Amino acid sequence: MAPPAAGPRGSSRRGPHVLSVLWAVVLATALSGTSLAASVRYELAISVGAGGEIWGEATVRGVAPADWPEAVFRLYPAAPGGDRLALRGAWVEGQEVSWECIEPTTATVAISTGAGEEFTVTLAFAGTVPEFSSTDGYGAYARSAHAIVLSQAYPILVPWDGGWIAYPVFPWGDPLVAEAADYTLDLAVPDGWTVVAGGTEVEIAPGRYRAEGESLREMAVVLLHGYELQTASANGVEVHSYSRPEHAEASRAALEITVAALDVFARHFGPLSLSELDVVAVPLRGAAGIEYPGLILAGEGYYSRYPSDPLFFPMIFAHEAAHQWWYAEVGSDQVAEPWVDEALATYTSGLYFESEGRSAEILRYWESGYAQGRARNRTAGITSPVWEFPNGDGYGGIVYSGGALFFHAVRERMGDDAFFRALRRYREEFRGRIASGADLLAALAAESPYPLADLIADWLGP
C-alpha cells in the first residue's frame, strides 16, 4: 500500500488495545504443526447485483499440515459488522458441517482432517458492498457509480504455522495474511459492467466472466462502468491502465511510470512471472494506492489533481509496482511485521526515482517523513506491529520512510552488487511463501561482505 498521504482510514472502528489481540494469540498458539504448503486451490463462484448485493460459494482444497479439528477462515469485509459479508453454510467433502463466527471477520469450520490428508471445504456466503460515501474504510470493498471494488470478497483460509495466524482488523494498515494459492473465479455482474481482476480475466458470456491465476496471494476484482483503457508492455508484462475519460492524461502518466518502474525493478530482482498487470483509478480514502497480485488500485483524487504533485503521483505507482515482488510474490505477516513488505517496497520504489536522477529528492522525502512519524509516535519503531500505532499515528513515516532509510544505510554498507544479490536470494528462496523479518535480515547478512549488526541495532533495535 502506498504511504498514507492523507492519514489513516476512517477512525470510527475500535482502536487497538492489548486485550483486543488476545483472541489472536489464542488462535496462534492453540495447536501445533508445520507451515501450510502453498498447494491450496480456491474455486470461487460469485454474483454481484445492481444494488451491491453479493453472494456466492468458495470451494477451498488443499492438504492439511497438521491434525485439524477445525479450519479458520477470514471474511475481512465483515469489519466492523457482519452484514457486509457473512457465512451462510459450510460443507466438508460435500457433507454439511457446523461452523461458528467467533467474531464478525473470523469463522471456524468443523473439519476433522489429519496431517497430510487432503481436504475440501465449501462455504456459502453473502452480503452487501457498501456505497463508497458510507464506508469507513479505504474503499477497498465499496461501490460508486462507476466502480465496484471487491477486495477479499470471499472467505480466505487462515495460514497455519504451529497455530492459526489471525489478528483483529485494525482501521489502518493491511489486514491480510495469506498463503499463495491457485484461483479460478466465475463472476456474474450487472449489465453494462466489465471486470478487471488479478490473474487473467475473460468474458465468457454477456455479464459472465472467468478469472484465473496461479500462486496468487489473493484474488481481487474491480467492476467498471464507463472506463477507458490504455496499454503498454514491460519485460513481457502487459500493463493495462484504466480510468474515467476525464482522467486520460493522468492515466497515461500512470501507465508510463508503472512500465518504467517494472523495467527498473526487473533489472535488479529479475522479471515477474505475471503476464499482465492492471492499474485502475478508483475512489479511495486515506490511501493513495493499494496493491494486489496483478492489480493496482490508485486513488482517483490523485488523477484529478495531476500533475500538481510531481513527486507523490509517481511514488504511488512505483510503490505499488514494487509490491508485485514484495507482497504478491514474497509474502509476509503484514500485521505483526508490516515493515517486511512496506519498507522494502518503499525503498524499491526509490530505485525508480534513482533511475530518473531524483535520488536526493526521494531521500529528503523519507527523512522528513521519518522525522514527522517519530514526532507523532515516540514509542513505536520500524519493526513494530500495526497495533503499536494507535489511530495510525506515525505509521507511514516510521514503517515506510524509516524502513526505507534503513535499507539505504544497508546498501551503502554492503555495496550495490552484494545488496541486490541478497534481495534476489531472498526473492528466490521465499517466492510463494510467507517470509519473516528474520528471513530478510538473514539474506542480507549472508551476502554482505561487512558486518551489519550495528546498523540493525541502530535502526531496528536489539
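So, in the range 417-436, of the ones that are under 23 Å from the mean Cα position of the chain (by Cα), in a helix (DSSP H, G or I) and among the basic types (Lys, Arg), which residue ends up surrounded by the most Cβ atoms within 10 Å (Cβ to Cβ)? If we take residues in the range 417-436 being under 23 Å from the mean Cα position of the chain (by Cα), in a helix (DSSP H, G or I) and among the basic types (Lys, Arg), then Arg427 is surrounded by the most Cβ atoms within 10 Å (Cβ to Cβ).
A quick yes/no check of all residues on (1) within 19 Å of Val279 (Cα to Cα); (2) of a type in the set (D, E, K, R); (3) crowded, with 22+ Cβ neighbours inside 10 Å:
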{"residue": "Pro310", "(1), (2), (3)": "yes, no, no"}
{"residue": "Trp325", "(1), (2), (3)": "yes, no, yes"}
{"residue": "Val330", "(1), (2), (3)": "no, no, yes"}
{"residue": "Pro338", "(1), (2), (3)": "no, no, yes"}
{"residue": "Asp341", "(1), (2), (3)": "no, yes, yes"}
{"residue": "Thr346", "(1), (2), (3)": "yes, no, yes"}
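For the range 158-183, filtering for residues that are under 23 Å from Thr200 (Cβ atoms) and either hydroxyl-bearing (Ser, Thr, Tyr) or in contact with an Asp or Glu (Cβ under 9 Å, 6 or more places away or on another chain) (or both) leaves 6.
Filtered by the rule that a residue be of a type in the set (A, V, I, L, M), more than 22 Å from Gly173 (Cβ to Cβ) and assigned to a strand (DSSP E or B), the range 111-145 gives Ile111, Val121, Leu123, Ala124, Ala126.
Keeping to the range 394-414, report how many residues are over 15 Å from Thr348 (Cβ atoms), of a type outside the set (Ser, Thr, Tyr) and surrounded by 20 or more Cβ atoms within 10 Å (Cβ to Cβ).
Of the residues in the range 394-414, 6 are over 15 Å from Thr348 (Cβ atoms), of a type outside the set (Ser, Thr, Tyr) and surrounded by 20 or more Cβ atoms within 10 Å (Cβ to Cβ).
Checking the stated criteria, Glu131 turns out not to satisfy the condition of being more than 26 Å from Pro245 (Cβ to Cβ) and either polar (S, T, N, Q) or surrounded by fewer than 15 Cβ atoms within 10 Å (Cβ to Cβ) (or both).
Residue by residue, here is whether (1) at pLDDT below 95; (2) part of a strand (DSSP E or B); (3) under 17 Å from Val177 (Cβ atoms); (4) small (Gly, Ala, Ser) holds:
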residue	(1), (2), (3), (4)
Ile46	no, yes, no, no
Ala50	yes, no, no, yes
Ile54	no, yes, no, no
Thr59	no, yes, no, no
Gly62	no, yes, yes, yes
Gly81	yes, no, no, yes
Leu87	no, yes, no, no
Trp91	no, yes, no, no
Val109	no, yes, no, no
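Those residues that are without any contact (Cβ under 8 Å) to a residue 60 or more places away in the chain, part of a loop (DSSP other than H, G, I, E, B) and exposed (fewer than 13 other Cβ atoms within 10 Å of the Cβ), I need them from the range 437-462; list them, please. Selection gives Pro449, Tyr450, Pro451, Pro462. Note on the range 267-296: residues that are over 20 Å from the mean Cα position of the chain (by Cα) and either closer than 16 Å to His319 by Cβ or small (Gly, Ala, Ser) (or both) total 2. When Ala166, Ala153 are checked against the criterion of being part of a loop (DSSP other than H, G, I, E, B), among the small types (Gly, Ala, Ser), in contact (Cβ under 8 Å) with a residue 12 or more places away in the chain and farther than 30 Å from Ala250 by Cβ, Ala166 stands alone in meeting it. On the basis of being closer than 29 Å to Gly137 by Cα, modelled with pLDDT of 95 or more, under 17 Å from the mean Cα position of the chain (by Cα) and not β-branched (Val, Ile, Thr), does Leu255 make the cut? So Leu255 fails the test. The residue that is farthest from Pro168 (Cα to Cα), counting only those in the range 378-392 that are surrounded by fewer than 20 Cβ atoms within 10 Å (Cβ to Cβ) and free of Cβ contacts under 8 Å to residues at least 24 places away in the same chain, is Arg378.
The values are calculated or read from the model by the stated rules, or taken from the named source; none is laboratory data. Keep in mind it's a predicted model, so treat the numbers as computed, not measured. Cβ: placed from backbone, ideal geometry, glycine included. Neighbour counts: every protein chain shown.
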